[in-house]
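> If you scroll down you'll find the structure; I have some questions about it.
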Amino acid sequence: MRDPNKNTRFVFYCYEKESADLKIRLRYDGLKQSEFFRALLLRYINKDPMMLQVVEDIKKEKSVMGKRRLKKTK
């Protein structure tokens, strides 16, 4: 059986400028990268209405789904 409390690691790539800008903003807000991403992850998993709006905006922006299918997923 898997241990639900075991940590796992996420890795993704972004541009150096984006990384620097993120670190500046996080420092300004007094947050650590891990805290920030963990909070986003939990909001997404728990279907926080504000986070779902962000996800919907991203789907529209990236044209991930057709308009009909996007309406269905709401």
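The values are calculated or read from the model by the stated rules, or taken from the named source; none is laboratory data. On a predicted model such as this, the values are computed, not experimentally measured, just so you know. Using ideal geometry, Cβ is built from the backbone for each residue, glycine included, and neighbour counts are taken over all protein chains shown. To get the accessible areas, we keep the full protein, side chains included, count just its heavy atoms, and leave off ligands, DNA and RNA. Shrake-Rupley method; radii C 1.70, N 1.55, O 1.52, S 1.80 Å.
> Please give the solvent-accessible surface of Ile45 in Å², to the nearest 10, using a probe radius of 1.4 Å with every protein chain present.
Using a 1.4 Å probe on the heavy atoms, I get roughly 100 Å².
> Then there's this: About the Cα centre of the stretch 1-66, what is the dipole size in debye to 20, counting +1 per Lys and Arg Cβ and -1 per Asp and Glu Cβ, all else neutral?
220 debye
> Taking the Cα-to-Cβ direction at Ala20 and at Arg2 and moving 7 Å from each Cα, how far apart do the two end points lie in nm?
Reported label-point gap for Ala20 and Arg2 is 3.8 nm.
> Can you list which of the trypsin sites (Lys or Arg not before Pro) found in the stretch 5-43 are DSSP loop residues with at most 11 other C-beta atoms within 10 Å?
Answer by residue number: Lys6, Arg9, Lys32.
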